[in-house]
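Throughout, read-outs are computed from the coordinates displayed, never taken from laboratory work. Model, not experiment: these values are computed from the prediction. Cβ sites come from the backbone with ideal geometry, for glycine too, and all protein chains shown count toward neighbours.
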Amino acid sequence: MTLLTTMMDQSLDEGYAAAARARGEVGRRRLPTTTRGKLLLGAGLAMAAVVVTISGVNAHDARPELAKEHDALVQRVTDATAAADKLQHQVESARAQVDAEQQKALHDGVDSGLASLDAAVGTGAVTGPGVKLVIDDPADAGTGGGIDPRTSGGFSGGRLRDRDLQLVVNGLWQAGAEAVAVNGQRLTALSPIRAAGDAILVDNRPLVPPYTVLAIGDEKVLPAAFQESMGGHYLKLLQDSYGIRANLSGQHALSLPAAVGFALRLASPLPDTPGTGAPSAQPSGAPATSTPLSPSASPSPSPTSGTPAPSRPSRTGASKS
Amino acid sequence: MIAVLGLVAGVIVGLFVQPSVPPAVVPYLPIAVVAALDAVFGGVRAMLDGIFDDKVFVVSFLSNVVVAALIVFLGDQLGVGSQLSTGVVVVLGIRIFSNAAAIRRHVFRA
């Protein structure tokens, strides 16, 4: 309390009173009259003004600094994305080169097996009939909202998460899809579907809704089979309960790109078992089920479709780019 | 007249020269501002009290800024810089308030 009282009482610098006492003049001297005094007062006021102004200018500059930083970060993201795209193009052209060299090195007969293997694994672009499944968040789902309505108890709407997409894609595999791509990202056995914040990552590339899932399979059988599968039921549940919008349509001709980042680092194939001609490490594109894919050289039909020829993916990757 | 010129010159210097403040000094700028304001208000009150002294004004201004910055610097070294700068701002703020109140009494007689 004493401290506060002292602070309140002695708010004026004691130096003024002391100086006045020393001069013996109290209550008369208001402004300095001598030139030296005036200069001193001017200098003091100038210093005060400089300090205040510099600080103000500094605080004013700090805001654009933040904006500049933000812009620089955005620029870095854009640059990195562009660099990644460039690298992807390089990968694609290098792969085309490798394919061409392979064609040259291998003789016919073996090649058809290789092509179908490529298509099945996902490293070769494929085309064929199939279904197009467009999934989107509900219309009322905020784009930047941090609160997930599903966890906060509201049932009005929701947002598609990575787990949902995993289940839907697995449902497609289960229904007999032979090749699946999500927003142009071809799925392989090594493609993760994960989440980073609110974004869904496929093959570590962030996706933007709506999510377009392309699946090659029998266009007559696949939609019904999908709707009967686990993933189909789950998607129906999402539609009914959370307002997720989904549209499944059969397509006569779909073309799926080759997967980009497919490289085995540690796994190496076993020595060829005689007779099959295919590596015994079965390259299956389906993490959940391996039934739809048969990487053997013969054009075997997928289990759910009875028509062998049209549903089999044909290879277009080598001619691309 | 010279005082007003000094004020204007200070503002102009701060605005147009735009001296680049070293990053090490930046945390002490707000404290310096509060100390400068305290000195200015004290000077005005002293003037109204009739005991203004130019030397005391300049010296109190400089010492206020230096001591305030020193206290905050010391606090930074001890890891309590933000608390100490709060303390400095509180003390100087109270002084500014009571000086402003004294000035108000002088000017408005209320």
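To the nearest 10 degrees, how steeply does helix B:81-108 sit against the main Cα axis of chain B, on a 0 to 90 scale? Compared with the principal axis, the helix lies near 10 degrees. Listed by chain and number, the aspartates and glutamates whose C-alpha is less than 19 Å from the C-alpha of A:K236, apart from same-chain residues fewer than 8 away, are A:D136, A:D137, A:D140, A:D162, A:D164, A:E228.
For A:A195, the residues 5 or more places off, or on other chains, whose built amide H falls under 5 Å of its own are A:L201. When B:V25, B:V65, A:V208, A:V57 are arranged by Cβ crowding within 10 Å, least crowded first, meaning fewest neighbours, the order is A:V208, B:V25, A:V57, B:V65. Cross-link partners of B:K55 among lysines, defined as those whose alpha carbon lies under 30 angstrom from its own and excluding same-chain residues fewer than eight positions apart: A:K38. Residue-wise HN-Hα couplings along the range A:13-23, as the Karplus relation 6.51 cos²θ - 1.76 cosθ + 1.60 with θ = phi - 60° gives them from phi, are 4, 5, x, 4, 4, 5, 5, 5, 4, 4, 7 Hz; Gly and Pro carry x.
Scanning residues 5 or more positions from A:D13 or on other chains, none has an amide H under 5 Å from its amide H, with H placed 1.01 Å from N in the peptide plane. Using the Karplus relation 6.51 cos²θ - 1.76 cosθ + 1.60 with θ = phi - 60°, the per-residue 3J(HN,Hα) values for the range A:44-50 come to x, 5, 4, 5, 4, 5, 4 Hz, with x marking Gly and Pro. Peptide B:24-32 has a mean shielding of 3, counted as Cβ atoms of other protein chains within 10 Å of each residue's Cβ.
The amide H of A:Q251, built 1.01 Å from its N in the peptide plane, has A:G130, A:V131, A:K132 as neighbours under 5 Å, considering only residues 5 or more places off or on other chains.
Which value in Å does the Kirkwood hydrodynamic radius of the range B:23-108 take, with 1/r averaged over all unlike C-alpha pairs and then inverted? Numbers along the way, then the final one.
Details: mean 1/r = 0.0746 Å⁻¹.
Taking every pair of different Cα atoms in the range B:23-108, averaging 1/r and inverting gives 13.4 Å.
Roughly how many whole Å is it from the C-alpha centroid of the range A:233-273 to that of the range B:6-65? Distance between centres, Cα-based: 69 Å.
Using C-alpha pairs below 8 Å separated by at least 6 residues, the relative contact order for the range B:23-108 is 38 percent. Partner shielding of B:35-44 amounts to 4, given as the average count of beta-carbon atoms from other chains within 10 Å of each residue beta-carbon.
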